[in-house]
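Every number here is computed from the coordinates shown, using simple stated rules; none is lab data. Computed from a prediction, not measured in an experiment: that's the story for all the values here. Quick reminder, even Gly has a Cβ in these numbers, built from the backbone with ideal geometry, and neighbours come from all protein chains shown.
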Amino acid sequence: MLVERKAALEAQLQALQARTDPHFLFNRLNTVASLIPENPELAERTLERLADLFRYALEAGHVRTVKLQRELGMVADYMALQSTRFGDRLQTSLEVAEGLAEIDLPPLLLQPLVENAILHGVAQRRGGSVAVSVRRERDHLIVEVRDDGPGPGASAHIGAGTSVRSVRDRLRLHYDETASLSLAADSGGGCLARLTLPIHGPSL
Amino acid sequence: MKALVVDDEDPARRRLARMLGEIANVEVMGELEDGDAVLRALERQPADVLFLDVRMPGFDGIGLAQRYVDLPPIVFVTAYDHYAVSAFELNAVDYLLKPVRIERLVTAVERVRARQMTDRDAVGRALTAAQNADPLRLLGSSAVSAG
């Protein structure tokens, strides 16, 4: 239990570091400054999303699990924020099957995968798309994050390895070997990250 | 002063262009997304200054400045001050941190103007030195001084 708590705190630390990373922070403040005269409503929404992302990162260290709905809400905010940077060049989608909102899972498992997809699948090129889908297959929750970038291993994005490793560590700690993360080339090119989680919670 | 604004983020590019438009005697010739577009634009029309984001897809601002020594004066614009040392080694005119304040942008424009005048003086002196080094002229001037 202590080891899992430590891993959760490390995830929180990474999330906070990502949120307070100078590139991310000052770029988002700059985005808001740019939007205020052009599109004040979007500027407000952007600040709200930023605040919620920070708040979520702060909370993540204090709870063992969150409802899937909450984690997906944060993913949606994060993707919306990134879309304001790239306009039409970044296409994102989030498809969630019915009836899954109340499933419990550790916080901040999905967000690093989406962040990777955007950073190494899209931001190093002129644009692209990231699609997140969530469905149930019998007793498992399947979360897929697809990008249409250069595919695994082909990108120069540093840090992708660390976040994948840390997601795998947390999966092992919370679920023993009953959960998995796979990262592979997607059938149409690009990268597919697939998270498979048992629905009825961690093995006891 | 003709300026090109280069940043892969749409709102960042628009904001800088808008602010430059508020400064007297500065004309924003174009807004571009990456280093390749800069080179193509400069082939079509010269610019007096490039406002370059440091991190862009494929061809980052520092890399661009390192590879092409014939670029116009550069002002780097970035969220992160980690690159400040490289920028000055590359003889950038200035280095601005996002979000940029108008007063700081005005100072950067003034530094570009000062750099332009220095460059013109330097070109003038170089031309004069080249003329003086001409052997025929040397013969001519010694003939004059002998007379």
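Once you place label points 7 Å from the Cα toward the Cβ at A:Arg64 and A:Ile142, how far apart are they in nm?
With each label placed 7 Å out from Cα toward Cβ, I get 2.9 nm.
Multiplying the sequence separation of B:Ile102 and B:Ala129 by 0.36 nm and subtracting their Cα-Cα distance, what value in nm do you get?
On the way: separation 27, 0.36 × 27 = 9.72 nm, distance 4.04 nm.
Between B:Ile102 and B:Ala129, full extension yields 5.7 nm more.
Starting from the 7 Å offset along Cα-to-Cβ, what nm value, one decimal, do you get for the label separation of A:Leu13 and A:Ala184?
3.4 nm
Evaluate the Kirkwood expression for the hydrodynamic radius of the stretch A:24-79, namely the inverse of the mean inverse distance over all pairs of different C-alpha atoms, and round to one decimal in Å.
On the way: mean 1/r = 0.0815 Å⁻¹.
Final number for the Kirkwood radius of the stretch A:24-79 is 12.3 Å.
So what is the diffusion coefficient of the protein assembly as shown in µm² per second by Stokes-Einstein at 20 °C and 1.002 mPa s, using a Kirkwood Rh over Cα pairs? Present the calculation step by step, with values, prior to reporting the outcome.
Working: Rh = 23.0 Å.
Reported coefficient: 93 µm²/s.
Under unit Cβ charges (Lys, Arg +1; Asp, Glu -1), what dipole magnitude, rounded to 20 debye, does chain A have relative to its Cα centre?
Details: 23 positive and 26 negative charges, 83 e Å.
Rounded to the nearest 20 debye, it is 400 debye.
Just to verify a number: FRET efficiency for B:Asp119 and A:Asp88, C-beta to C-beta distance, R0 = 35 Å, to 0.05? It would help to have the intermediate numbers written out before the result.
Working: r = 39 Å, r/R0 = 1.12.
Computed FRET efficiency for B:Asp119 and A:Asp88 comes out at 0.35.
May I ask you to evaluate 6.51 cos²θ - 1.76 cosθ + 1.60, the Karplus curve with θ = phi - 60°, for each residue of the stretch B:66-80 and list the ³J(HN,Hα) values in order in whole Hz, giving x for glycine and proline?
After applying 6.51 cos²θ - 1.76 cosθ + 1.60, I find 5, 7, 10, 7, 8, 6, x, x, 10, 10, 7, 10, 7, 7, 10 Hz.
To the nearest 20 Debye, how big is the dipole of the protein assembly as shown about its Cα centre, given +1 on the beta carbon of each Lys and Arg and -1 on that of each Asp and Glu?
On the way: 41 positive and 49 negative charges, 95 e Å.
For this selection, approximately 460 debye.
Quick one: length gained pulling A:Leu2 to A:Ala80 fully straight, 0.36 nm per residue minus the C-alpha distance? Numbers along the way, then the final one.
Details: separation 78, 0.36 × 78 = 28.08 nm, distance 3.49 nm.
In short, 24.6 nm is gained.
When we measure straight from the Cα of A:Lys6, which lysines land under 27 angstrom away, once same-chain ones fewer than 8 places off are left out?
A:Lys67
Run through every distinct alpha carbon pair of the stretch A:1-97 and return the Kirkwood hydrodynamic radius in angstroms, one decimal place. If you can, show how the numbers build up before the last one.
On the way: mean 1/r = 0.0682 Å⁻¹.
Over the stretch A:1-97, the inverse of the mean reciprocal pair distance is 14.7 Å.
Over the Cα atoms of chain A, what is the Rg over Rh ratio if Rh follows Kirkwood?
On the way: Rg = 16.6 Å, Rh = 17.4 Å.
Dividing the radius of gyration by the Kirkwood radius yields 0.95.
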